[in-house]
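Everything below concerns the one structure shown next.
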Amino acid sequence: MGVTTATHEFKSSIPAPRMYKALLEDSPTLFPKIMPQYKSKVVQGDGGVGSILVRIGNQVKIVKHKVEAQDPANYYAKYTVIEGSPLSDNIESVVNERKIEPAGDGCVVKATDHYHTKGGAADKAMIDAIGKQTTTVYKLVQDYLLANPGACCA
């Protein structure tokens, strides 16, 4: 078994506490408002550590996540993809870590994804596509929050 790690960053004008809440706490209700093709629900637990979330979207057919850690005071969350895409014949699991760091009046979203393979390396093109899709979601969330200052996460 091997591990391929991918990282990417997104700079935002949204303050860290609001971005954390939007991306990592309120996403099951916020994301479908921003992306109508996207469905998300908590199927086990209350959304906190140990909870299972199911997400369905256009490119990501279905993903089941388990929340492994949440640290709102430090704007950190960790969750594991336990079922669905991007799991494949070669990818056994994916551990996603998100750290949102204050930066001036905004923040930097730092994403680290660990692709645990059954053998060999993970498909770089797939990892790049997922990173690009994730960054697109961050941008959509940022744009929504800027356009709706009283909505969500204030």
Test: residue in region 115-123 that is under 22 Å from Ser40 (Cβ atoms) and of a type in the set (Val, Ile, Thr): no
Test for Lys33: is it of a type in the set (Lys, Arg) and surrounded by fewer than 16 Cβ atoms within 10 Å (Cβ to Cβ): yes
Subset of region 8-54 (residues that are under 17 Å from Glu97 (Cα atoms) and outside any helix (DSSP H, G or I)): His8, Glu9, Phe10, Lys11, Asp26, Gly47, Gly48, Val49, Gly50, Ser51, Ile52, Leu53
Scan of region 1-30 for residues that are small (Gly, Ala, Ser) and crowded, with 17+ Cβ neighbours inside 10 Å, ordered by number: Ala6, Ser12, Ala16, Ala22, Ser27
Residue match in region 36-51 (condition: over 23 Å from Ala125 (Cβ atoms), of a type in the set (A, V, I, L, M, F, W, C) and open to solvent by less than 20 Å² (accessible area, probe 1.4 Å)): no
Qualifying residue in region 79-95 (condition: in contact with a Leu (Cβ under 8 Å, 6 or more places away or on another chain) and either within 21 Å of Gln142 (Cα to Cα) or open to solvent by 70 Å² or more (accessible area, probe 1.4 Å) (or both)): no
Qualifying positions in region 51-104 - in contact with a Ser or Thr (Cβ under 7 Å, 6 or more places away or on another chain) and modelled with pLDDT of 95 or more: Glu97
Residue that is most open to solvent (accessible area, probe 1.4 Å), among those in region 105-154 that are part of a helix (DSSP H, G or I) and among the hydroxyl-bearing types (Ser, Thr, Tyr): Thr136
Qualifying residue in region 34-44 (condition: among the polar types (S, T, N, Q) and in contact (Cβ under 8 Å) with a residue 40 or more places away in the chain): no
Region 7-65, residues that are more than 22 Å from His114 (Cα to Cα) and of a type in the set (A, V, I, L, M, F, W, C): Ile14, Ala16, Met19, Ala22, Leu30, Phe31, Ile34, Met35, Val42, Val43
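The values are calculated or read from the model by the stated rules, or taken from the named source; none is laboratory data. What you are looking at is a predicted structure, and each value in this text was computed from that prediction instead of being measured. Positions of Cβ are generated from backbone atoms using ideal geometry, with glycine treated the same way; all protein chains shown enter the neighbour counts. Ligands, DNA and RNA are excluded from the accessible area calculation, which covers all protein heavy atoms including side chains. Shrake-Rupley method; radii C 1.70, N 1.55, O 1.52, S 1.80 Å.
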